[in-house]
Amino acid sequence: MATLAGVSPSTVSRALNNPELVNAETRRRVLECAERLGYRPNRAAQSLVLGRTRNVGLIVPDIANPFFAPFIKGVEAYFRDTEYAVFLADTDEDTATEVRLAEAMVERVDGLILCAPRMTGARLRAVAARTAVVLANRTSGAAPSVLLDFRPGMEQAVAHVHALGHRRCAYLA
């Protein structure tokens, strides 16, 4: 590509990775040649240089549970227009599998989203010490958390039961 663009290989690298260091005309020529040659950056090689994988891991307890489908779709939608790829894993509601998957992913992603994780607090802290972690539907001092707001749904359920004439009800968490 450097020969085709009439520049050095280091200029090609700068044009692709640090465009502010190359004049606009040179960058345009390099990008045009890259397009013509069908060049696509090697993400694995870039991750070694940049120290980032541009991957996010999403671990859920049960991909078949309809409760998790909207969450998975939301995470996918959030990252769709970014440079990040989302890797989804299902633990089959098994804590040992969850730990194994988290340990396997931690070296391959820039961060993990753990949905309703069951692992111990100590294990969460160990994982969070190795990569960025966000917990969904669980709180822990090990990582930031996103929690569902059940209150509006519970208020609607109680109002519905009351409208049906029931005056005594119990909630079992």
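Give region 1-13 a look and list any residue that's surrounded by 15 or more Cβ atoms within 10 Å (Cβ to Cβ) and either of a type in the set (G, A, S) or at pLDDT 80 or above (or both), or say none.
If the condition is that a residue be surrounded by 15 or more Cβ atoms within 10 Å (Cβ to Cβ) and either of a type in the set (G, A, S) or at pLDDT 80 or above (or both), then A2, A5, V7, T11, V12, S13 are the ones that fit.
Can you work out which of the residues in region 160-173 that are of a type in the set (A, V, I, L, M, F, W, C) and exposed (fewer than 10 other Cβ atoms within 10 Å of the Cβ) is nearest to the chain's Cα centre (by Cα)?
A173
Is there any pair linking a residue in region 70-97 that is touching a residue at least 12 places away in the same chain (Cβ under 8 Å) to one that is basic (K, R), with Cβ under 6 Å and at least six apart or on different chains, and which?
Cβ pairs passing all conditions: E83/R54; Y84/R54; T95/R118.
In region 87-98, what residues are farther than 19 Å from P66 by Cβ, of a type in the set (A, V, I, L, M, F, W, C) and surrounded by 14 or more Cβ atoms within 10 Å (Cβ to Cβ)?
Within region 87-98, just F87 meets the criteria.
Which pairs do you get when a residue that is at pLDDT 90 or above, found in region 147-173, comes within reach of a residue that is surrounded by fewer than 10 Cβ atoms within 10 Å (Cβ to Cβ) and in a loop (DSSP other than H, G, I, E, B), reach meaning Cβ atoms under 6 angstrom, with the pair 6+ apart or on two chains?
Note: pairs meeting the criteria are V161/C169.
On the basis of being assigned to a helix (DSSP H, G or I), touching a strand residue (DSSP E or B) at 6+ places or on another chain (Cβ under 8 Å), modelled with pLDDT of 95 or more and open to solvent by 20 Å² or more (accessible area, probe 1.4 Å), does L101 make the cut?
Yes; evaluated as a whole, the condition is true for this residue.
Among the residues of region 122-133, is any among the basic types (K, R), surrounded by fewer than 17 Cβ atoms within 10 Å (Cβ to Cβ), without any contact (Cβ under 8 Å) to a residue 60 or more places away in the chain and not in a loop (DSSP other than H, G, I, E, B)?
Yes; the residues of region 122-133 include at least one that is among the basic types (K, R), surrounded by fewer than 17 Cβ atoms within 10 Å (Cβ to Cβ), without any contact (Cβ under 8 Å) to a residue 60 or more places away in the chain and not in a loop (DSSP other than H, G, I, E, B).
When you scan region 52-59, do you find a residue that is surrounded by fewer than 16 Cβ atoms within 10 Å (Cβ to Cβ) and at pLDDT below 95, even just one?
yes
Would you mention how many residues in region 14-44 are hydrophobic (A, V, I, L, M, F, W, C), surrounded by 11 or more Cβ atoms within 10 Å (Cβ to Cβ) and farther than 19 Å from E83 by Cα?
Here the count works out to 5.
If we keep just the residues of region 134-159 that are over 18 Å from the mean Cα position of the chain (by Cα) and charged (D, E, K, R), which is most open to solvent (accessible area, probe 1.4 Å)?
R151
The values are calculated or read from the model by the stated rules, or taken from the named source; none is laboratory data. None of the values given here were measured: they were computed from a predicted structure. We place every Cβ from the backbone using ideal geometry, glycine too, and count neighbours over all the protein chains shown. The protein model used for the area step is the full one, side chains on, heavy atoms only, and it has no ligands, DNA or RNA in it. Shrake-Rupley method; radii C 1.70, N 1.55, O 1.52, S 1.80 Å.
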